[in-house]
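Student: One structure, pasted below without further comment.
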Amino acid sequence: MKFRKFHMFFRKNLMRRESTQPIMGQQNLGSLESVRQRYQTIKHPTMKLVLTVQDQILTSLREFLRKKGFIEILAPIIGPATDPGIRGAKQVTIQYYDTPFKVMSSMILYKQMMISSFDKVFALSPNIRLEPLESAKTGRHLVEFRQIDLEMVHATYNEAMHLAEALLLSVVREVMENCYEELEGLGRDLRELNPPFPRLTHKEAVERLRSKGHVVSYVEEIPWDAEVALSSMHQCAFFIYDYPLVSRGFYDREDPNRPGILRDFDMLYPEGFGEAISGGEREHTYTGVLKRMKLTGIDPAEYEWYLQMLKEGVPHSVGFGIGVERLTRWICGLKTIWEAVPFPKVPGIVSP
């Protein structure tokens, strides 16, 4: 134990001395030019620190979920249908022989298929969303990203929020323990989170934002700029829950005792980093989903296999997704999300 303490002291002081030396082009990693020339900036010392932390994040996410009884599955990349609830982004369609197929924007429909076989599943899921060009200015949107997507049967959204909270606490704790040198090299003063995380209803979040002068609707998603502003008001991760019915996709479950309210949630990072996790209970009945599709103007014919699956019956479930790049960005304290991925695809930017 004494040797370990001495080793940690020695390494920390070495890192301090090294961190006083300027790193070549340190500010360039946050520029769009660094995205275009990733074959050069991938060699940047700061990039190596970030990707080392990301490796630990992925290890911690997987180990936590396995200890909770989840099994890892392979995520689909293409299919007849994908998640339509992607906040203004466009889906990508390819020709799969003679049939139009979607590139996955989210595997949420497939998670509902999978929990017919296993009670708890997760996947490291790749997603493609053609975000609007202006989203590049936010510094937190990518066209190509990955998330840990999980689903579990016979659980509530309150239980999912408890799981999400425990998951983030575990990841932060393990990164602080195993990557203290990298965090120090990045100049990131990451601190342990204090549970339980605060919880705001969507209505309470809107009222708080309106009191600060933001124009926010009681029946729509919270806009990006307002979400960042709300995140900046907190020093700990927090939840927003009970979103209005028309603000989310057909697969989110309406509370049977509170018409117009969904049993779903988001977790937001503090310090202005914005959305971390999005999830909720699933509408799993054929009639319920069909009703919601008609309400939102979605053509049921595009989801033929999914509706047939619901007709045959799937269990009630809850799930969420946590973006790996956004998690890396927050933990490392990065200015932009494209600093948190080796091969970034930023809206409108042609890059390797």
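Student: Scan the stretch 78-87 for residues that are surrounded by 15 or more Cβ atoms within 10 Å (Cβ to Cβ) and either part of a strand (DSSP E or B) or of a type in the set (Phe, Trp, Tyr) (or both) and report the count.
Tutor: So the count comes out to 1.
Student: With respect to Pro100, determine if the residue is touching a Phe, Trp or Tyr at 6+ places or on another chain (Cβ under 8 Å) and more than 18 Å from Ala160 (Cα to Cα). Talk me through it step by step, then tell me what you get.
Tutor: Numbers: touching a Phe, Trp or Tyr at 6+ places or on another chain (Cβ under 8 Å): no; more than 18 Å from Ala160 (Cα to Cα): yes.
Answer is no for this residue.
Student: Are there any pairs, at least 6 apart or on different chains, whose C-beta atoms fall under 6 Å, with the first in the stretch 79-101 and farther than 17 Å from Arg248 by Cα and of a type in the set (Val, Ile, Thr) and the second in a loop (DSSP other than H, G, I, E, B) and at pLDDT below 90, and if so, which?
Tutor: Once the first residue is farther than 17 Å from Arg248 by Cα and of a type in the set (Val, Ile, Thr) and sits in the stretch 79-101, no partner that is in a loop (DSSP other than H, G, I, E, B) and at pLDDT below 90 comes close enough.
Student: Select from the stretch 131-172 the residues that are at pLDDT 95 or above, of a type in the set (A, V, I, L, M) and over 25 Å from Glu254 (Cβ atoms) and list them in ascending order.
Tutor: Result: Leu142, Val143, Ile148, Ala166, Leu167, Leu168, Leu169, Val171, Val172.
Student: Return yes when Tyr157 is in contact with a Lys or Arg (Cβ under 8 Å, 6 or more places away or on another chain), surrounded by 15 or more Cβ atoms within 10 Å (Cβ to Cβ) and either aromatic (Phe, Trp, Tyr) or under 26 Å from Thr82 (Cβ atoms) (or both) and no when it is not. It would help to see each step written out before you state the result.
Tutor: Numbers: in contact with a Lys or Arg (Cβ under 8 Å, 6 or more places away or on another chain): yes; surrounded by 15 or more Cβ atoms within 10 Å (Cβ to Cβ): yes; either aromatic (Phe, Trp, Tyr) or under 26 Å from Thr82 (Cβ atoms) (or both): yes.
Spelling it out, Tyr157 is indeed in contact with a Lys or Arg (Cβ under 8 Å, 6 or more places away or on another chain), surrounded by 15 or more Cβ atoms within 10 Å (Cβ to Cβ) and either aromatic (Phe, Trp, Tyr) or under 26 Å from Thr82 (Cβ atoms) (or both).
Student: While we're looking at this one, here's another question. Quick check on the stretch 278-300: of everything there that is among the polar types (S, T, N, Q) and in contact with a helix residue (DSSP H, G or I) (Cβ under 8 Å, 6 or more places away or on another chain), which residue is nearest to Ile148 (Cα to Cα)?
Tutor: Residue satisfying both the conditions and the ranking: Thr285.
Student: Quick check on the stretch 267-307: of everything there that is surrounded by fewer than 17 Cβ atoms within 10 Å (Cβ to Cβ) and acidic (Asp, Glu), which residue is nearest to Arg140 (Cα to Cα)?
Tutor: Among residues in the stretch 267-307 that are surrounded by fewer than 17 Cβ atoms within 10 Å (Cβ to Cβ) and acidic (Asp, Glu), the one nearest to Arg140 (Cα to Cα) is Glu271.
Student: Before we move on, is Phe122 touching a Leu at 6+ places or on another chain (Cβ under 6 Å) and at pLDDT 95 or above?
Tutor: Against the criterion (touching a Leu at 6+ places or on another chain (Cβ under 6 Å) and at pLDDT 95 or above), Phe122 qualifies.
Student: Just wondering, is there one or more residues in the stretch 184-193 that are over 24 Å from Ile322 (Cβ atoms), in contact (Cβ under 8 Å) with a residue 60 or more places away in the chain and surrounded by 15 or more Cβ atoms within 10 Å (Cβ to Cβ)?
Tutor: For the stretch 184-193, residues over 24 Å from Ile322 (Cβ atoms), in contact (Cβ under 8 Å) with a residue 60 or more places away in the chain and surrounded by 15 or more Cβ atoms within 10 Å (Cβ to Cβ): present.
Student: Right, next: Select, from Val153, Val175, Val171, the only residue that is over 30 Å from Leu29 (Cα atoms) and among the β-branched types (Val, Ile, Thr).
Tutor: Val153
Student: Do we have Phe320 as within 21 Å of the chain's Cα centre (by Cα) and more than 27 Å from Lys102 (Cα to Cα) here?
Tutor: Judged against the criteria, Phe320 is not a match.
Student: Look through the stretch 308-346, keep the residues that are among the basic types (Lys, Arg) and not in a helix (DSSP H, G or I), and return whichever of them is surrounded by the most Cβ atoms within 10 Å (Cβ to Cβ).
Tutor: Here the answer is Lys345.
Student: Still on this structure: Suppose the filter is more than 29 Å from Glu227 (Cα to Cα), modelled with pLDDT of 95 or more, among the hydroxyl-bearing types (Ser, Thr, Tyr) and in contact with a Pro (Cβ under 7 Å, 6 or more places away or on another chain); does Thr99 pass it?
Tutor: Taking the combined requirement at face value, the residue does not satisfy it.
Student: Can you pull out the helices (runs of 4 or more DSSP H) entirely within the stretch 25-77 that have at least 3 residues that are in contact (Cβ under 8 Å) with a residue 60 or more places away in the chain and surrounded by 14 or more Cβ atoms within 10 Å (Cβ to Cβ)? Before you say what the answer is, go through the steps one by one.
Tutor: Values: elements: 32-36, 38-41, 45-67.
The helices (runs of 4 or more DSSP H) meeting that bar are 32-36, 45-67.
Student: Based on this model, can you work out whether Lys90 counts as over 12 Å from Gly321 (Cβ atoms) and either buried (at least 18 other Cβ atoms within 10 Å of the Cβ) or of a type in the set (Gly, Ala, Ser) (or both)? Show your work before the answer.
Tutor: Values: over 12 Å from Gly321 (Cβ atoms): yes; either buried (at least 18 other Cβ atoms within 10 Å of the Cβ) or of a type in the set (Gly, Ala, Ser) (or both): no.
No: the conditions fail for Lys90.
Student: Filter the stretch 121-163 for residues that are more than 23 Å from Pro195 (Cβ to Cβ) and small (Gly, Ala, Ser) and give the result.
Tutor: Ala123, Ser125, Ser135, Ala136, Gly139
Student: Follow-up. Can you tell me which residues in the stretch 214-252 are closer than 30 Å to Tyr306 by Cα, surrounded by fewer than 16 Cβ atoms within 10 Å (Cβ to Cβ) and among the β-branched types (Val, Ile, Thr)?
Tutor: Hits for the stretch 214-252 are Val219, Val246.
Student: Does Ile108 count as within 18 Å of the chain's Cα centre (by Cα), under 16 Å from Thr328 (Cα atoms), crowded, with 19+ Cβ neighbours inside 10 Å and of a type in the set (Val, Ile, Thr)?
Tutor: no
Student: Now for a different question. Only residues that are among the small types (Gly, Ala, Ser), exposed (fewer than 13 other Cβ atoms within 10 Å of the Cβ) and either in contact (Cβ under 8 Å) with a residue 40 or more places away in the chain or on the phi < 0 side of the Ramachandran plot (or both): list them for the stretch 194-213, please.
Tutor: Matches in the stretch 194-213: Ser211 only.
The values are calculated or read from the model by the stated rules, or taken from the named source; none is laboratory data. Computed from a predicted structure; not experimentally measured. With ideal geometry, Cβ positions are generated from the backbone for all residues, glycine too; neighbour counts draw on all protein chains shown.
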